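I have placed the structure first, in the form of structure tokens, so that the comments after it can refer back to it.
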Amino acid sequence: MNIDAALLRYRVLAYVVGVGLALIVFVGVPLQVAGYPQLVSIAGPIHGFFYIIYLLMALDLARRARFSLVEMAAMVGAGLVPILAFVIERRITHQVRTGAVEPWHLPAWLRR
């Protein structure tokens, strides 16, 4: 298998995990607070299942693209923070497609 197939698998799972987590955090949790826990009780385990598959695809892509530990950690953490999956997915896709290795650093507002 080539890196393009690994990238496609990673991208699909990044979107699935990102949408699932956003749904849980931004819709499910407020509903749960309001007394309707059904969405979280259904979407939570589904997200967990897809997150495990996402981890495997992220690690496969990281191995094929020879990413650093920081890049791999960013990919792993992206499935745990709402919306971050979409940001990291775009950055990883750009890096794999162009071959440009951009330095990873914290945003300026976090470096204080």
Practice problem: Rank-order 6-18, 80-92, 27-39 by packing density, defined as the average count of other C-beta atoms within 10 Å over each peptide's residues, highest first. | Solution: 6-18, 80-92, 27-39
Quiz item: Given a Förster radius of 35 Å and the C-beta distance between ASN2 and VAL27 as r, what FRET efficiency does 1/(1 + (r/R0)^6) yield to the nearest 0.05?
Solution: 0.40
Exercise. Rounded to whole Hz and in sequence order, give me ³J(HN,Hα) for the range 69-74 from the Karplus expression 6.51 cos²θ - 1.76 cosθ + 1.60, θ = phi - 60°, writing x for Gly and Pro.
Key: 5, 5, 5, 5, 5, 5
Self-check item: More than 20 angstrom apart: percent of Cα pairs within the chain
Solution: 44
Quiz item: What list of ³J(HN,Hα) values in whole Hz, one per residue of the range 30-45 in order, does the Karplus curve 6.51 cos²θ - 1.76 cosθ + 1.60 (θ = phi - 60°) give from phi, with Gly and Pro shown as x?
Solution: x, 5, 5, 5, 7, x, 10, x, 4, 4, 5, 5, 8, 6, x, x
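Readers should treat all values here as calculations from the given coordinates under stated rules, not as data from a laboratory. Small disclaimer: the values here were computed from a predicted structure and weren't measured. Glycine also receives a Cβ, built like all others from the backbone with ideal geometry; neighbour counts cover every protein chain displayed.
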